[in-house]
Each structure stands twice: as C-alpha cells, then as structure tokens.
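Report on one structure; see the data block that follows.
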Amino acid sequence: MADRKEKTFRFVIVGGGIAGVTCVEQLSSQIRSGDVALITAGPHIKAVTNYKQVSKTLEEFDVEERPSSVLVEKFPNLTVIHSAVKSLHTQSRSVETADGRVFGYEKLCICGGGTPKLLTWDNPYVLGIRDTDSAQVHSTGPLCKSTSSNISTTPTSPISVAFVLSMKHLQKQLSSAKRIVVVGNGGIALELVYEVEGCEVIWAVKDKAIGNTFFDAGAAQFLIPSLEVDKPEKAAPCNRPRYTTEETGPGASQTFTADTNAQRHGSGPTEAGSALGPDWHEGIVLRGAEQLSRRVSLEYQCEVEKIFTSAELLNSPQQTLRPENEGSWPVYIKLTNGKTFGCDFVVSATGVVPNAEPFLHGNNFALANDGGLQVDDHMMTSEPDVYAAGDVCTACWEHSALWQQMRLWTQARQMGWYAGRCMAAHILSEPIELDFCFELFSHITKFFNYKVVLLGKFNGQGLGPDHELLLRCTKGQEYVKVVLSGGRMVGAVLIGETDLEETFENLILNQMDLTPYGEELLNPNIDIEDYFD
C-alpha cells in the first residue's frame with residue numbers, strides 16, 4: 001500500500017461535515033505552510049456561518065451547505081479530494097479512496113459523522129431524514145449516510161436498500177400524504193412533528209414524555225400546547241421548590257388537532273398542559289394533502305413491533321393486525337402498545353450511531369460502549385497520530401462535573417476546532433490544555449418555535465436523588481427550571497425569551513452557594529440578572 005501512495009500530506013481530514021470543515025479551518029489557519037487534504041464524498045461541505053459567542057460557553061451559528069471550492073479559495077494549502085474512503089491503513093499511514101487512489105498522512109483526523117438508525121433498511125415506505133442535503137431518495141444500502149459521512153462499506157453487505165430522505169424530497173413526499181407515522185423522540189422528531197401541516201401525524205415515542213433527551217416531563221407539558229393552533233392563555237408565573245408531573249401510562253395516547261374548525265379528537269387528554277441541528281427545516285414548507293392545519297396523535301411508551309403491507313393485512317387474522325382506523329393504506333405499522341395504524345409512509349427519526357465501523361478493519365481502534373472511537377483529552381484515538389472529532393468519536397477523558405457529550409452540531413464544531421488545535425500543537429511541539437468549552441455543557445436550539453437553552457446537568461444527569469429542582473412556568477411564554485445540588489446550581493433549562501442564560505451560566509461556573517435565596521431565586525418580581533451582576 002505504501003508504494004502506491006499518490007501523495008503524502010501533513011494533515012488529512014476525512015469528512016466534509018461541521019467537525020471536519022472546522023478542523024480544516026483551524027489547521028489551515030495555524031500552520032499555513034503545512035499541506036492539508038480534506039477527503040469528502042460530495043461536492044459540498046458544511047460551513048459554519050453567522051457565528052456568535054453568546055456567553056463564555058454558549059454559542060449560536062448557522063450551518064450552510066457550500067461548494068468545497070470556498071475552502072480552497074480561502075486556504076491555498078488545502079487540497080480537497082472528492083471521493084468516499086474505502087479503507088484506512090494505520091500501519092502504513094495511508095487512506096485508500098473509493099476511486100482507487102491512495103494518500104499518505106502524517107496526522108489524520110476522522111470526522112466520519114453518524115449513521116442513521118433506521119427501523120428497517122429494506123422497506124420503501126420507511127424513510128429516514130438525512131439532514132439538509134439537496135439530494136433525493138437513495139437506494140445504495142449502507143452507503144446512504146448523513147452528509148458528514150464519507151465512507152463506503154463493502155458491496156457484500158446483506159443490507160440492500162436504504163431510503164434516506166433529504167428535506168427537499170421529504171417535502172415532495174408529504175405533498176400527497178394524508179397520514180404519516182413518525183417514530184422517534186429526538187430533536188429531528190420534535191421539529192418535524194411541529195412543522196408538518198395538512199397531514200395527520202401519528203407520533204410514536206418510547207418514553208413517558210416527548211423530548212426526554214433535552215428536557216423533563218414538565219417542559220414537555222409546557223411545549224405540547226404548541227401542537228394546537230389556538231394560542232394558550234397567559235397565566236401568572238408560579239413558584240414552587242419542587243414539582244411532580246403525572247406520568248402517562250403505557251398505551252396511553254394524546255391527540256392534538258388544529259384543523260379549520262379547531263376541533264379536538266381522540267380519547268386521550270387534550271387540554272393544554274403544564275430537537276438535525278438548528279433550523280434544519282427553515283425555508284421548506286412541510287405540507288400534506290389535507291386541508292387541516294395540524295393533527296398530531298401521540299402514542300407514549302411504545303416501539304415498533306411490525307411493519308407490513310396492505311396485502312399482509314388482508315391475509316392476517318383481523319384481530320391480530322386490526323388497524324385503529326379504517327381505510328386502505330400503502331403501509332401499516334403495529335406498535336408494542338397493541339395499536340396498528342395505516343399510513344402513507346413511516347419516518348424513522350430514531351437518531352444516529354457513530355460511523356466508526358468502516359475504519360476498523362485491519363486496525364486496532366479502541367471503541368467506547370456506544371460504538372464511537374475512543375478519544376483522549378487531545379482528541380487522539382488509540383492509533384498513533386490518528387485523531388477523531390464529532391459524532392464518530394466518544395470523549396473518554398475524565399469529564400468535568402458539569403459537562404457531558406451529546407451528538408449535536410455545537411459539539412461537532414467544538415470538537416473539530418479543538419482537534420485542529422491539538423494536531424497543530426503536536427506538530428509544533430507546543431503544550432495544550434483541554435479547551436474551556438468542555439468545562440460546562442451548553443446548547444442553544446429551538447423547539448416548537450421556542451428558544452431553548454440547556455446548561456450543565458440540565459436533566460440532573462448522574463446526580464442521583466439528592467438534587468433539588470426550582471421551577472418557574474408562565475404558560476405560553478417561558479419555562480425555567482434550575483437544578484441544584486448541595487445548594488449550588490449545576491444545571492438549567494430555559495425555554496422562551498428568558499434572558500437568564502448568561503446569569504445562570506455564571507452561577508453554575510462560580511458554584512456560589514444559593515441556599516440563602518431559596519425560592520426567591522426564581523421570583524419573577526426580582527431582576528435576578530442585576531441581583532447577581
């Protein structure tokens with residue numbers, strides 16, 4: 001393999017997603033004399049634009065798809081290689097691309113992204129959302145990955161067909177749909193369900209509440225009225241040091257309808273109750289074929305038991321696969337709560353897994369329990385001079401007490417930037433410390449048209465039963481939750497325009513004892529921002 005090398009670069013980065021592009025930018029800026037190669041399968045890369053540092057750790061930015069030539073024009077020392085990667089050979093320090101070329105490297109950074117976890121890869125009525133790509137339905141099996149993935153797998157794979165949608169193609173599919181089933185409870189599912197109009201949506205979540213990756217059941221109940229067109233009434237803020245939320249039992253459902261008559265349907269409770277990356281749906285109208293504005297039926301604590309066609313339905317005992325609603329549909333889905341629904345298609349929005357497998361053959365990478373490439377506090381893998389960043393890797397250093405890894409665009413950017421710094425520092429023999437961005441988990445996004453800020457251990461992750469929650473909720477306006485441990489703030493969830501993110505970030509970082517303030521900490525009549533200035 002070594003004697004086949006077409007060229008050897010000082011730095012090679014695999015992946016044209018946020019992590020890979022940010023790594024390229026950082027390296028090319030720091031070491032302008034070193035030649036850098038970016039290997040990416042597509043003609044476009046994901047670029048961070050409109051970057052804004054909101055506070056010490058919070059950042060906002062847009063993600064745009066741009067021609068790779070934009071990077072080359074900016075960095076003369078950069079070479080972009082348009083091909084998927086066929087194999088990696090760490091012993092000979094070489095990468096073989098799908099078109100048969102071989103490139104050597106001094107240092108390599110793997111930014112291969114994640115692979116969608118589809119319910120099934122061989123059903124044309126089960127669709128997964130790629131991300132912001134402009135493509136169409138692909139049918140190339142496991143080659144069909146998110147845009148940050150640039151890896152081909154072996155043609156002998158038993159997986160033959162995968163249907164992974166871009167947002168533009170989803171728009172086309174929806175235009176003739178009357179009912180879809182969305183399976184999943186992450187960020188993509190949350191925003192997809194909210195954005196789809198003119199089409200009935202059956203939303204199947206495996207948890208007791210929506211969005212449990214990002215917030216608790218109380219925040220979920222705050223957001224659910226947004227599935228109705230009628231704006232919820234404004235209520236006076238209320239304070240209480242602890243709260244409980246009535247759990248929805250297995251098999252229970254909720255239906256929220258916002259049609260032209262504003263009627264509600266379904267047997268579940270319908271009264272107003274007490275997160276592909278940011279703005280992935282912007283500029284795309286997700287409208288079905290029906291006249292109603294929105295109708296969402298929620299099925300809690302259930303997963304998919306079986307997916308079958310109308311022909312299989314006819315040949316099955318009626319009591320076994322009897323659908324909840326009459327009518328003929330292209331595909332039917334049976335849930336573990338015993339309910340069966342017919343629909344035009346099923347959207348699999350069940351997240352991604354690290355796309356590490358294609359790099360493993362013939363190499364000796366250490367893997368984390370979640371399947372990601374283990375990286376240390378310098379973003380180095382277990383193979384010499386091989387780094388990794390973004391969804392493909394798992395942070396295996398000793399984390400700060402206030403940080404955890406989540407596979408989000410913000411962390412992909414941070415990891416790519418830090419990996420670039422580490423690679424440059426090692427070449428220059430300079431010391432480097434773990435970046436401050438890994439001190440406190442922080443994330444800004446938008447769900448159901450509300451600004452959402454997550455800080456620290458926002459869901460009490462790993463704190464056990466000893467922590468305390470403070471809550472302030474103004475129906476239809478804001479939801480503020482603070483997580484306290486030993487009298488000190490360790491996490492927060494802010495939904496709405498609260499303007500509290502910088503103050504709470506400081507309180508978490510400073511670890512000030514807040515015991516004397518008690519419930520007054522969230523008193524809406526006190527300007528807490530000035531109080532702790």
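The values are calculated or read from the model by the stated rules, or taken from the named source; none is laboratory data. Everything quoted here is computed from the prediction, not taken from an experiment. Positions of Cβ are backbone-derived with ideal geometry, glycine not excepted, and every protein chain shown enters the neighbour counts. Only protein heavy atoms, including side chains, enter the accessible area calculation; ligands, DNA and RNA are left aside. Shrake-Rupley method; radii C 1.70, N 1.55, O 1.52, S 1.80 Å.
Some observations on this one:
- Count - residues of the range 440-467 that are outside any loop (DSSP other than H, G, I, E, B), under 15 Å from F504 (Cβ atoms) and open to solvent by 10 Å² or more (accessible area, probe 1.4 Å): 4
- Within the range 339-350, not a single residue is surrounded by fewer than 16 Cβ atoms within 10 Å (Cβ to Cβ) and either more than 23 Å from the chain's Cα centre (by Cα) or not β-branched (V, I, T) (or both).
- Flag for G100 being assigned to a loop (DSSP other than H, G, I, E, B) and either within 30 Å of G351 (Cβ to Cβ) or under 30 Å from the mean Cα position of the chain (by Cα) (or both): no
- Search result, residues across the range 4-60 that are open to solvent by 20 Å² or more (accessible area, probe 1.4 Å), out of contact with any Asp or Glu (no Cβ under 6 Å at 6 or more places or on another chain) and in a strand (DSSP E or B): K7, T8, V48, Y51, E60
- A search for C-beta distances below 7 Å between a residue of the range 484-505 that is within 16 Å of S55 (Cα to Cα) and open to solvent by less than 10 Å² (accessible area, probe 1.4 Å) and any residue that is among the small types (G, A, S) and in a strand (DSSP E or B), counting only pairs 6+ apart in sequence or on different chains, returns G491/G456; A492/G456; F504/A492; E505/S442.
- Any pair with Cβ under 8 angstrom, 6 or more apart, that starts in the range 170-183 at a residue that is closer than 23 Å to C302 by Cβ and open to solvent by less than 70 Å² (accessible area, probe 1.4 Å) and ends at one that is among the hydroxyl-bearing types (S, T, Y) and at pLDDT 80 or above: V183/S348; V183/T350
- Condition broken by T115, with the remaining ones in (1) surrounded by fewer than 22 Cβ atoms within 10 Å (Cβ to Cβ); (2) at pLDDT below 90; (3) in contact with a Ser or Thr (Cβ under 8 Å, 6 or more places away or on another chain) satisfied: (1)
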